[in-house]
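**Student:** Mind having a look at this structure? Questions to follow.
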Amino acid sequence: MPKAPAIDQQKLLDLQAVDIRLAQLAHRRATVPEQAELDSLLAERRRVGDVLVAARTLVSDGERAVAKAEADVAQVRDRAARNTARLNAGSGSAKDLQGLQHELESLVRRQGVLEEAELEAMEKLEQAQFAAAELATTDGELAEQAEDVTRRRDAVLAEVADEERAALARREAIASGIEPALVQLYEKTRAPRGGVGAALLRSRRCEGCRLELNASDIAALRAAAADDVVFCEECGRILVRTGESGL
Ligand SMILES: [Zn+2]
(Lines give C-alpha, C1' and ligand atoms only; values in the text may rest on other atoms or scores of the structure.)
Protein backbone atom coordinates (compact mmCIF):
# COMPACT_ATOMS: atom_id res chain seq x y z
CA MET A 1 0.00 0.00 0.00
CA PRO A 2 1.45 3.40 -0.96
CA LYS A 3 2.09 5.79 1.89
CA ALA A 4 2.09 9.57 2.22
CA PRO A 5 1.53 11.97 5.12
CA ALA A 6 -2.16 12.50 5.83
CA ILE A 7 -1.71 16.27 5.42
CA ASP A 8 -0.34 15.73 1.90
CA GLN A 9 -3.28 13.47 1.08
CA GLN A 10 -5.62 16.24 2.19
CA LYS A 11 -3.81 18.76 -0.02
CA LEU A 12 -4.76 16.52 -2.95
CA LEU A 13 -8.30 17.86 -2.51
CA ASP A 14 -7.03 21.41 -3.12
CA LEU A 15 -5.09 20.20 -6.13
CA GLN A 16 -8.19 18.40 -7.37
CA ALA A 17 -10.30 21.56 -6.98
CA VAL A 18 -7.83 23.54 -9.08
CA ASP A 19 -7.73 20.79 -11.72
CA ILE A 20 -11.53 20.80 -11.91
CA ARG A 21 -11.40 24.60 -12.33
CA LEU A 22 -8.84 24.19 -15.13
CA ALA A 23 -11.06 21.61 -16.85
CA GLN A 24 -14.01 24.02 -16.60
CA LEU A 25 -11.93 26.79 -18.11
CA ALA A 26 -10.82 24.53 -20.98
CA HIS A 27 -14.45 23.60 -21.55
CA ARG A 28 -15.43 27.25 -21.49
CA ARG A 29 -12.78 28.08 -24.06
CA ALA A 30 -13.92 25.24 -26.33
CA THR A 31 -17.59 26.25 -26.11
CA VAL A 32 -17.50 30.06 -26.16
CA PRO A 33 -21.01 30.94 -27.49
CA GLU A 34 -19.52 33.93 -29.32
CA GLN A 35 -17.48 31.50 -31.42
CA ALA A 36 -20.61 29.66 -32.59
CA GLU A 37 -22.23 33.03 -33.28
CA LEU A 38 -19.18 34.12 -35.27
CA ASP A 39 -19.06 30.85 -37.24
CA SER A 40 -22.68 31.25 -38.30
CA LEU A 41 -22.15 34.93 -39.19
CA LEU A 42 -19.15 34.04 -41.33
CA ALA A 43 -21.09 31.25 -43.05
CA GLU A 44 -23.91 33.70 -43.75
CA ARG A 45 -21.40 36.23 -45.07
CA ARG A 46 -19.89 33.66 -47.44
CA ARG A 47 -23.38 32.86 -48.71
CA VAL A 48 -24.20 36.55 -49.23
CA GLY A 49 -20.79 37.04 -50.85
CA ASP A 50 -21.53 34.32 -53.41
CA VAL A 51 -24.92 35.85 -54.22
CA LEU A 52 -23.29 39.30 -54.42
CA VAL A 53 -20.77 38.05 -56.98
CA ALA A 54 -23.65 36.66 -59.06
CA ALA A 55 -25.57 39.95 -58.69
CA ARG A 56 -22.55 41.99 -59.82
CA THR A 57 -22.19 39.71 -62.85
CA LEU A 58 -25.83 40.45 -63.66
CA VAL A 59 -25.06 44.19 -63.41
CA SER A 60 -22.16 43.94 -65.89
CA ASP A 61 -24.29 41.81 -68.21
CA GLY A 62 -27.04 44.42 -67.89
CA GLU A 63 -24.65 47.29 -68.63
CA ARG A 64 -23.47 45.52 -71.78
CA ALA A 65 -27.07 44.82 -72.84
CA VAL A 66 -28.04 48.50 -72.36
CA ALA A 67 -24.98 49.69 -74.32
CA LYS A 68 -25.83 47.32 -77.16
CA ALA A 69 -29.50 48.36 -77.16
CA GLU A 70 -28.46 52.04 -77.23
CA ALA A 71 -26.11 51.38 -80.16
CA ASP A 72 -28.85 49.50 -82.03
CA VAL A 73 -31.29 52.39 -81.56
CA ALA A 74 -28.67 54.98 -82.57
CA GLN A 75 -27.82 53.08 -85.72
CA VAL A 76 -31.46 52.94 -86.86
CA ARG A 77 -32.06 56.55 -85.81
CA ASP A 78 -29.04 57.75 -87.85
CA ARG A 79 -30.19 55.84 -90.87
CA ALA A 80 -33.71 57.25 -90.56
CA ALA A 81 -32.23 60.76 -90.25
CA ARG A 82 -30.20 60.22 -93.43
CA ASN A 83 -33.33 59.02 -95.27
CA THR A 84 -35.31 61.98 -93.99
CA ALA A 85 -32.61 64.39 -95.18
CA ARG A 86 -32.55 62.81 -98.63
CA LEU A 87 -36.34 62.90 -98.82
CA ASN A 88 -36.35 66.56 -97.80
CA ALA A 89 -33.70 67.29 -100.41
CA GLY A 90 -36.06 65.70 -102.91
CA SER A 91 -33.23 64.52 -105.18
CA GLY A 92 -33.57 61.32 -107.21
CA SER A 93 -36.40 59.74 -109.17
CA ALA A 94 -39.91 59.43 -107.88
CA LYS A 95 -39.31 55.68 -107.58
CA ASP A 96 -36.18 56.29 -105.50
CA LEU A 97 -38.05 58.68 -103.24
CA GLN A 98 -40.87 56.21 -102.84
CA GLY A 99 -38.33 53.53 -101.94
CA LEU A 100 -36.73 55.87 -99.41
CA GLN A 101 -40.13 56.73 -97.94
CA HIS A 102 -40.96 53.04 -97.65
CA GLU A 103 -37.64 52.29 -95.95
CA LEU A 104 -38.09 55.23 -93.62
CA GLU A 105 -41.44 53.89 -92.42
CA SER A 106 -39.91 50.52 -91.78
CA LEU A 107 -36.96 52.17 -89.93
CA VAL A 108 -39.35 54.09 -87.70
CA ARG A 109 -41.15 50.87 -86.78
CA ARG A 110 -37.84 49.15 -86.20
CA GLN A 111 -36.68 52.05 -84.00
CA GLY A 112 -39.84 51.71 -81.91
CA VAL A 113 -39.17 48.02 -81.33
CA LEU A 114 -35.52 48.68 -80.47
CA GLU A 115 -36.39 51.51 -78.08
CA GLU A 116 -38.78 49.15 -76.34
CA ALA A 117 -35.95 46.64 -75.99
CA GLU A 118 -33.63 49.39 -74.72
CA LEU A 119 -36.15 50.36 -72.06
CA GLU A 120 -36.49 46.74 -70.96
CA ALA A 121 -32.71 46.38 -70.77
CA MET A 122 -32.49 49.54 -68.66
CA GLU A 123 -35.19 48.30 -66.28
CA LYS A 124 -33.42 44.97 -65.93
CA LEU A 125 -30.15 46.77 -65.23
CA GLU A 126 -31.79 48.94 -62.58
CA GLN A 127 -33.21 45.88 -60.86
CA ALA A 128 -29.81 44.19 -60.94
CA GLN A 129 -28.12 47.32 -59.55
CA PHE A 130 -30.70 47.56 -56.79
CA ALA A 131 -30.26 43.89 -55.83
CA ALA A 132 -26.47 44.24 -55.85
CA ALA A 133 -26.63 47.37 -53.68
CA GLU A 134 -28.91 45.62 -51.18
CA LEU A 135 -26.56 42.65 -50.98
CA ALA A 136 -23.55 44.93 -50.56
CA THR A 137 -25.33 46.62 -47.63
CA THR A 138 -26.14 43.25 -46.06
CA ASP A 139 -22.54 42.18 -46.54
CA GLY A 140 -21.32 45.33 -44.81
CA GLU A 141 -23.69 44.80 -41.90
CA LEU A 142 -22.56 41.19 -41.51
CA ALA A 143 -18.93 42.31 -41.55
CA GLU A 144 -19.65 44.80 -38.75
CA GLN A 145 -21.50 42.20 -36.70
CA ALA A 146 -18.64 39.73 -37.20
CA GLU A 147 -16.16 42.34 -35.96
CA ASP A 148 -18.30 43.02 -32.91
CA VAL A 149 -18.68 39.31 -32.08
CA THR A 150 -14.95 38.76 -32.63
CA ARG A 151 -14.21 41.49 -30.10
CA ARG A 152 -16.58 39.92 -27.58
CA ARG A 153 -15.16 36.43 -28.19
CA ASP A 154 -11.60 37.68 -27.74
CA ALA A 155 -12.59 39.38 -24.49
CA VAL A 156 -13.99 36.09 -23.16
CA LEU A 157 -10.89 34.18 -24.30
CA ALA A 158 -8.63 36.74 -22.64
CA GLU A 159 -10.61 36.40 -19.42
CA VAL A 160 -10.34 32.58 -19.60
CA ALA A 161 -6.59 32.86 -20.24
CA ASP A 162 -6.17 35.15 -17.20
CA GLU A 163 -8.07 32.76 -14.96
CA GLU A 164 -6.06 29.86 -16.35
CA ARG A 165 -2.78 31.56 -15.58
CA ALA A 166 -3.93 32.23 -12.03
CA ALA A 167 -5.16 28.63 -11.59
CA LEU A 168 -1.92 27.19 -12.94
CA ALA A 169 0.08 29.33 -10.51
CA ARG A 170 -2.13 28.13 -7.68
CA ARG A 171 -1.70 24.54 -8.85
CA GLU A 172 2.07 24.91 -8.90
CA ALA A 173 2.04 26.27 -5.36
CA ILE A 174 -0.18 23.46 -4.07
CA ALA A 175 1.66 20.66 -5.91
CA SER A 176 5.03 21.87 -4.64
CA GLY A 177 3.79 21.28 -1.09
CA ILE A 178 2.88 17.61 -1.71
CA GLU A 179 5.26 14.64 -1.88
CA PRO A 180 6.10 14.16 -5.57
CA ALA A 181 5.34 10.43 -5.44
CA LEU A 182 1.81 11.19 -4.22
CA VAL A 183 1.32 13.80 -6.95
CA GLN A 184 2.42 11.20 -9.50
CA LEU A 185 0.01 8.65 -8.06
CA TYR A 186 -2.76 11.24 -8.21
CA GLU A 187 -1.97 12.03 -11.88
CA LYS A 188 -1.91 8.35 -12.80
CA THR A 189 -5.19 7.78 -10.98
CA ARG A 190 -7.07 10.72 -12.44
CA ALA A 191 -6.02 10.33 -16.08
CA PRO A 192 -8.48 7.49 -16.86
CA ARG A 193 -11.14 8.81 -14.43
CA GLY A 194 -12.43 11.97 -16.06
CA GLY A 195 -9.70 14.10 -14.49
CA VAL A 196 -10.76 13.27 -10.93
CA GLY A 197 -8.09 11.33 -9.06
CA ALA A 198 -8.77 12.17 -5.44
CA ALA A 199 -12.08 12.35 -3.62
CA LEU A 200 -13.13 13.24 -0.13
CA LEU A 201 -14.73 10.50 1.93
CA ARG A 202 -17.65 12.36 3.47
CA SER A 203 -20.06 10.57 5.81
CA ARG A 204 -18.90 7.21 4.43
CA ARG A 205 -19.68 8.28 0.90
CA CYS A 206 -17.02 8.63 -1.82
CA GLU A 207 -17.48 12.08 -3.36
CA GLY A 208 -15.86 10.80 -6.54
CA CYS A 209 -18.53 8.24 -7.42
CA ARG A 210 -21.18 9.23 -4.84
CA LEU A 211 -21.48 5.66 -3.60
CA GLU A 212 -21.68 4.82 0.07
CA LEU A 213 -19.01 2.43 1.24
CA ASN A 214 -20.14 -0.90 2.61
CA ALA A 215 -19.42 -2.09 6.14
CA SER A 216 -16.39 -4.18 5.23
CA ASP A 217 -14.79 -1.30 3.30
CA ILE A 218 -15.39 0.98 6.27
CA ALA A 219 -13.81 -1.58 8.58
CA ALA A 220 -10.76 -1.77 6.31
CA LEU A 221 -10.47 2.03 6.28
CA ARG A 222 -10.70 2.17 10.04
CA ALA A 223 -7.89 -0.35 10.26
CA ALA A 224 -5.68 1.60 7.82
CA ALA A 225 -2.97 3.90 9.13
CA ALA A 226 -3.36 7.64 8.61
CA ASP A 227 -0.45 7.68 6.16
CA ASP A 228 -1.77 4.76 4.11
CA VAL A 229 -3.06 5.96 0.75
CA VAL A 230 -6.41 4.25 0.31
CA PHE A 231 -8.64 3.90 -2.72
CA CYS A 232 -12.39 3.74 -3.36
CA GLU A 233 -13.34 0.14 -4.14
CA GLU A 234 -15.97 1.36 -6.59
CA CYS A 235 -14.26 4.06 -8.67
CA GLY A 236 -10.60 3.49 -7.87
CA ARG A 237 -9.96 7.09 -6.81
CA ILE A 238 -7.72 8.05 -3.91
CA LEU A 239 -10.03 8.40 -0.91
CA VAL A 240 -9.04 11.31 1.30
CA ARG A 241 -10.04 10.92 4.92
CA THR A 242 -10.82 13.91 7.11
CA GLY A 243 -12.86 14.57 10.23
CA GLU A 244 -15.96 14.56 7.98
CA SER A 245 -15.39 11.01 6.82
CA GLY A 246 -17.59 9.36 9.40
CA LEU A 247 -15.08 6.69 10.32
ZN1 LIG B 1 -15.61 6.25 -5.46
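**Student:** Give the relative contact order (percent, whole number) for the chain; include only Cα pairs under 8 Å separated by 6+ residues.
**Tutor:** Computed over the chain, the figure is 34 percent.
**Student:** To the nearest 10 degrees, how steeply does helix 6-30 sit against the main Cα axis of the chain, on a 0 to 90 scale?
**Tutor:** It is inclined by approximately 10 degrees.
**Student:** In terms of the ratio Rg/(2.2 N^0.38 Å) built on C-alpha atoms, what value belongs to segment 195-241?
**Tutor:** 1.01
**Student:** Taking a probe of 1.4 angstrom, what is the accessible area of PHE130 in Å², to the nearest 10?
**Tutor:** 130
**Student:** What list of ³J(HN,Hα) values in whole Hz, one per residue of segment 47-55 in order, does the Karplus curve 6.51 cos²θ - 1.76 cosθ + 1.60 (θ = phi - 60°) give from phi, with Gly and Pro shown as x?
**Tutor:** 4, 4, x, 4, 5, 5, 4, 5, 5
**Student:** Want the number for SER176 to ILE218: 0.36 nm per residue separation, take away the alpha-carbon distance, what's left?
**Tutor:** 12.0 nm
**Student:** Further, regarding this structure: Rounded to the nearest 500, what is the 222 nm mean residue ellipticity of the chain from helices alone, with -39500 (n - 2.57) per DSSP H run of 4+ residues and division by all residues?
**Tutor:** -27500 deg cm²/dmol
**Student:** Under 14 Å from a label point 7 Å along Cα→Cβ of THR57: give me every residue in segment 134-148 with its amide N that close.
**Tutor:** Label zone hits: none.
**Student:** Given a 1.4 angstrom probe, what's the average accessible area per residue across segment 149-228, in square angstrom?
**Tutor:** 58
**Student:** Sequence gap at least 6, Cα distance under 8 Å: using those rules, report the relative contact order of segment 1-125 to the nearest whole percent.
**Tutor:** In percent, rounded to a whole number, it is 31.
**Student:** What does DSSP give for the chain in terms of the percent of beta bridges that are antiparallel, rounded to the nearest 5?
**Tutor:** 60
**Student:** Please determine, in degrees from 0 to 90 and to the nearest 10, the orientation of helix 94-175 with respect to the longest principal axis defined by the Cα atoms of the chain, where the helix direction is its Cα long axis.
**Tutor:** 10
**Student:** In whole percent, how big is the carbon plus sulfur part of the accessible area of segment 1-54, probe 1.4 Å, protein atoms only?
**Tutor:** Of the solvent-accessible surface of segment 1-54, carbon and sulfur hold 60 percent.
**Student:** Mind jotting down the three principal axis lengths of the chain based on Cα atoms? Whole angstrom, largest first.
**Tutor:** 136, 33, 24
**Student:** Now for a different question. Accessible area per residue for segment 1-117 in Å², computed with a 1.4 Å probe and the full protein assembly in place, what is it?
**Tutor:** For segment 1-117, the solvent-accessible area averages 64 Å² per residue.
**Student:** By how many nm would the segment from HIS102 to GLU147 grow when fully extended, if each residue of separation counts as 0.36 nm and the alpha-carbon distance is taken off?
**Tutor:** Roughly 9.5 nm would be gained on extension.
**Student:** Measure nothing fancy, just the Cα-based angle from helix 180-190's long axis to the longest principal axis of the chain, in degrees from 0 to 90, nearest 10.
**Tutor:** The answer is roughly 50 degrees.
The values are calculated or read from the model by the stated rules, or taken from the named source; none is laboratory data. Treat the numbers as computed from the prediction; the structure is a model and nothing was measured. Cβ: placed from backbone, ideal geometry, glycine included. Neighbour counts: every protein chain shown. All accessible areas refer to the heavy atoms of the entire protein, side chains included, with ligands and DNA or RNA removed. Shrake-Rupley method; radii C 1.70, N 1.55, O 1.52, S 1.80 Å.
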